[in-house]
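A short worksheet on the structure shown next.
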Amino acid sequence: MIILGIESSCDETAAALVTGDRRVLSHRLAGQEAAHTPFGGVVPEIAARAHVEALEPLIAAALADAELTLAEVDAIAATAGPGLIGGVMVGLVTGKALAHAAGKPLIAVNHLEGHALSPRLSDPDLAFPYLLLLVSGGHCQLLLVEGVARYRRLATTIDDAAGEAFDKTAKLLGLGFPGGPAVERAAALGQPTVPLPRPLKGSPEPHFSFAGLKSAVSRAAGQHPAEDLAASFQLAVVECLIDRTAQALRSLPAGGKRPTALVVAGGVAANMAVRSALHTLAREHDLRFVAPPLWLCTDNAAMIAWAGAERFAAGLTDPLDIAPRPRWPLDPSAEPVRGAGV
Ligand code: ATP
Ligand code: MG
Ligand code: FE
């Protein structure tokens, strides 16, 4: 089984070909950093136009890299949300057009499901259920991944996502955009000497909060070397993520099957301090720790193709008139949390 994956929900245009037995035949990615850098963040209209320009040649290149034609592909998986509506529409409409023209099934993939299942692409032994810390630019959630299309949200952020906090901190410290890798590099050169809060640490429900941390960085900016602030910020984020994940492990739903592993995915999972602290936590709880390789953590189309492969194998395809969903929770039954996104 060969799946073409298309991703365009934020500021990465991507296309990939992945097989049902976990071979990444090709993956292509076009970032838009140069276009957004002057604005210090992603501008939706600029992003949508850049996706229009980049996507078709990128798909052609991914097919050429894999020495395949569209006729040899079994299904087309495109991100249908959540994300910036303009970009999502570009990718989904392109996926629909290709599916229609080539007579192939369409699979509308939730971008978060792409992140959530990506660790199963890199680790063939990762079995359901697993406890997933999904930490990205727009989300910070703890999810029990019970199966394909079966997600139970245990916690979410009541304000900012962790990646958003990295991006805002980078901006405050003048480290540039995108912020995560820049903060990580600066943190390696500093000492975590600046006292910063650990929002919600110790609270009984495993939810997250990062807005107060960002405000504290803003107050401290200029009074300490940027490297020390970056190191202090990163340590605070890591401690919050670990405390909240530990709380979720202590309060797993009664009667449920024990998770087979502690898993991290999403852009912030590319952070080495985050990965190593979670690895230690998993060991303390006698759990296997699984993290995808760095390139599979940040946005890419291989994870969309893989989620498509998992859905296709489960018999899940979608009609060509399916609508894009700028907001699309993985667990539709989860109650909104005070002030929180989904
Ligand atoms: P979402 O997946 O929630 O829709 P997104 O697709 O924009 O949001 P991702 O591409 O998954 O997010 O992740 C991007 C985020 O990850 C950015 O906020 C970025 O700063 C952060 N990030 C990337 N690399 C690192 C790193 N090494 N350390 C910390 N954060 C990082
Ligand atoms: Mg991005
Ligand atoms: Fe993402």
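The values are calculated or read from the model by the stated rules, or taken from the named source; none is laboratory data. Since the model is a prediction, treat every value here as computed from it, not as a measurement. We place every Cβ from the backbone using ideal geometry, glycine too, and count neighbours over all the protein chains shown.
Miscellaneous remarks
- For the stretch 161-174, the tally of residues that are away from ligand 2 (no atom under 16 Å from the Cβ) and part of a loop (DSSP other than H, G, I, E, B) stands at 2.
- Qualifying residue in the stretch 54-63 (condition: closer than 30 Å to Arg152 by Cβ, surrounded by 23 or more Cβ atoms within 10 Å (Cβ to Cβ) and not assigned by the TED database to the domain that holds Gly147): no
- Sub-6 Å Cβ pairs linking a first residue in the stretch 287-298 that is within 24 Å of Glu12 (Cα to Cα) to a second residue that is part of a strand (DSSP E or B), at least 6 apart or interchain, are Ala291/Val264, ordered by first then second residue.
- Flag if Leu84 is surrounded by 21 or more Cβ atoms within 10 Å (Cβ to Cβ) and within 27 Å of Ala165 (Cβ to Cβ): yes
- Residue within the stretch 40-50 that is away from ligand 2 (no atom under 15 Å from the Cβ), crowded, with 21+ Cβ neighbours inside 10 Å, in the same structural domain as Ile304 (by the TED database) and of a type outside the set (Val, Ile, Thr) present: no
- Answer residue from the stretch 21-39, given it is touching a helix residue (DSSP H, G or I) at 6+ places or on another chain (Cβ under 7 Å) and not in a loop (DSSP other than H, G, I, E, B) and is nearest to ligand 2 (Cβ to nearest atom) among those: His36
- Criterion applied to Gly179, Gly114 was being modelled with pLDDT under 95, farther than 18 Å from Leu278 by Cα and surrounded by 24 or more Cβ atoms within 10 Å (Cβ to Cβ), and the one residue passing it is Gly179.
- Inside the stretch 230-257, residues that are of a type in the set (Ser, Thr, Tyr), over 21 Å from the mean Cα position of the chain (by Cα) and in a helix (DSSP H, G or I) make up a count of 1.
- Filter result (away from ligand 1 (no atom under 15 Å from the Cβ) and acidic (Asp, Glu)) within the stretch 5-61: Asp21, Glu45, Glu53, Glu56
- Residues of the stretch 1-20 classified as surrounded by fewer than 24 Cβ atoms within 10 Å (Cβ to Cβ), away from ligand 3 (no atom under 16 Å from the Cβ) and part of a strand (DSSP E or B), total: 2
- Scanning the stretch 138-159 for residues that are within 16 Å of ligand 2 (Cβ to nearest atom) and either on the phi > 0 side of the Ramachandran plot or surrounded by fewer than 24 Cβ atoms within 10 Å (Cβ to Cβ) (or both) yields one hit, Gly138.
- Per the conditions (1) among the aliphatic types (A, V, I, L, M); (2) touching a helix residue (DSSP H, G or I) at 6+ places or on another chain (Cβ under 7 Å); (3) without any contact (Cβ under 8 Å) to a residue 24 or more places away in the chain, the sole criterion not satisfied by Ala97 is (2).
- Of the residues in the stretch 184-196, not one is crowded, with 18+ Cβ neighbours inside 10 Å, among the hydroxyl-bearing types (Ser, Thr, Tyr) and in contact (Cβ under 8 Å) with a residue 12 or more places away in the chain.
- Taking residues in the stretch 10-38 that are at positive phi, and partners anywhere that are of a type outside the set (S, T, N, Q), the pairs with Cβ atoms closer than 9 Å and at least 6 places apart or on different chains are Arg22/Arg120; Arg22/Leu121; Arg22/Pro124; Arg22/Trp306; Arg22/Ala309.
- All conditions but one from (1) under 18 Å from the mean Cα position of the chain (by Cα); (2) within 21 Å of Leu287 (Cβ to Cβ) apply to Ser209; the one that does not is (2).
- The stretch 21-39, subset under 19 Å from the mean Cα position of the chain (by Cα) and within 16 Å of ligand 3 (Cβ to nearest atom), residue surrounded by the most Cβ atoms within 10 Å (Cβ to Cβ): His27
- Strands (runs of 3 or more DSSP E) (entirely within the stretch 68-140) containing at least 1 residues that are aromatic (Phe, Trp, Tyr): 130-135
- Residue in the stretch 288-302 that is more than 16 Å from ligand 2 (Cβ to nearest atom), aromatic (Phe, Trp, Tyr) and part of a strand (DSSP E or B) present: yes
- Selection count, the stretch 51-68, where residues are within 16 Å of ligand 2 (Cβ to nearest atom) and among the small types (Gly, Ala, Ser): 1
- Hey, Leu252 over 25 Å from Ala62 (Cα atoms), out of contact with any Pro (no Cβ under 8 Å at 6 or more places or on another chain) and surrounded by fewer than 24 Cβ atoms within 10 Å (Cβ to Cβ) or not: no
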